[in-house]
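Written out below as structure tokens is the structure these notes cover.
The values are calculated or read from the model by the stated rules, or taken from the named source; none is laboratory data. All values derive from a computational prediction rather than experimental measurement. Reconstructed Cβ throughout: ideal geometry from the backbone, glycine too, with neighbour counts over all protein chains shown. To get the accessible areas, we keep the full protein, side chains included, count just its heavy atoms, and leave off ligands, DNA and RNA. Shrake-Rupley method; radii C 1.70, N 1.55, O 1.52, S 1.80 Å.
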Amino acid sequence: MELAQLRYFVAVVEEGGFTRAGERLHVSQPGVSAQVRQLERELGQQLLDRSGRRVRPTEAGEAVLGYARAALAAVEGVRRTADEFAGLLRGRVSVGLVSGAAGAGAAVRGFDVVAVLGDFHDAYPLVELALTEDTSERMAAALRRGELDIALLGLPGAAPPGLSAQVVLDEPLVAAVRADDPLVREAVAGAVPLAALRDRPLISLPRGTGLRAVLEQAAAAAGFAPRVDVEAAAPSVLVRLAARGLG
């Protein structure tokens, strides 16, 4: 059994096919397939179900997958430790970001993720940073599966089971409305009760985002389900839609 075989097997599972695994590893598809079949022969078990459009691990493959990942992580740990003693730090860090986290608005609010990543790259130029944007819900699942190393996401409360979290930004949830909206006149000291949004058309980020989860939990506590008529992926777009009176 060779490490390359384990690496190819894990890549095929994570990518869902031999072609994409080969592209990720910069190896031809037949080469990946041959190495995985050799691993299956050595173990005496079929590890992958190749019958569907997407390659999936068999029951035996699922059982082996965790050990394969652990073996690869252990080898990477040995290399990383040796590099640290040599004054180098190498590797690849997969970072997840909520939509808009790298925009100018995030920097204005006191957390400049671009500056943080830039400083890290300056300090550790041999570490590859792989960035992806997604919803908080999907990134939390990716963290649990080991597909992401760290993520900047929105949480409606404590960290999900199996994850640890550190708060880097904490802001109040506000209602943005057109200047002539009745809520403006009804506000007391600039505030309105959440129940005032009952039965009103709302504009929100999609399901799976931290902001949407906060809205739904808060509305439930106030005794109603929010009526979301319009969804948009970027917070800046939400504000513009509200300013035009769409919600």
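Listing for the model above:
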| quantity | calculated |
| --- | --- |
| Accessible area in the full protein assembly, largest first, 1.4 Å probe, for R138, R69 | R138, R69 |
| Furthest towards positive pole of dipole, A225, M1, A130, structure part the chain, Cβ charges | A225 |
| Residues whose placed amide H lies under 5 Å from that of L131, excluding near-sequence neighbours | V95 |
| Phi-based couplings in Hz for segment 231-247 (Karplus 6.51, -1.76, 1.60; Gly and Pro marked x) | 10, 9, 7, 10, x, 4, 5, 4, 5, 5, 5, 5, 4, 8, x, 7, x |
| Accessible-area composition of segment 130-202, carbon plus sulfur, in percent [1.4 Å probe] | 54 percent |
| The chain: angle of helix 3-15 to the longest principal axis, Cα-based, in degrees nearest 10 | 30 degrees |
| The chain: relative contact order in percent, alpha carbon pairs under 8 Å with at least 6 residues between | 13 percent |
| Accessible heavy-atom area order of V113, V167, highest first, probe of 1.4 Å | V167, V113 |
| ³J(HN,Hα), Karplus 6.51/-1.76/1.60, whole Hz, each residue of segment 151-168, x for Gly, Pro | 8, 9, 9, x, 10, x, x, 5, 4, x, x, x, 10, 10, 9, 10, 6, 10 |
| Charge dipole (debye, nearest 20) of segment 1-104; +1 at Cβ of Lys and Arg, -1 at Cβ of Asp and Glu | 240 debye |
| Global form of the chain, assessed from the alpha-carbon gyration tensor, a/c cut-off 1.5 | prolate |
| CD proxy at 222 nm, helix term only [per DSSP H run n ≥ 4: -39500 (n - 2.57); per residue of the chain; nearest 500] | -14500 deg cm²/dmol |
| DSSP-defined antiparallel bridges as percent of all bridges, the chain, nearest 5 | 20 percent |
| Distant-in-sequence amide H partners of D49 (H built 1.01 Å from N, under 5 Å) | R56, T58 |
| Mean-position separation - Cα centroids, segment 1-57 and segment 122-148, in angstrom | 23 Å |
| In degrees, nearest ten, helix 59-85 long axis to first principal axis of the chain (Cα) | 90 degrees |
| Acute angle (nearest 10 degrees) that the helix 210-221 long axis makes with the longest principal axis of the chain, alpha-carbon atoms | 50 degrees |
| Residue-by-residue Karplus 3J(HN,Hα) for segment 132-139, coefficients 6.51, -1.76, 1.60, Hz, glycine and proline x | 9, 10, 6, 6, 4, 4, 5, 5 |
| Relative contact order, percent, segment 1-71 [alpha-carbon distance under 8 Å, six or more residues apart] | 31 percent |
| For the chain, accessible area per residue (1.4 Å probe, heavy atoms of protein chains only), Å² | 62 Å² |
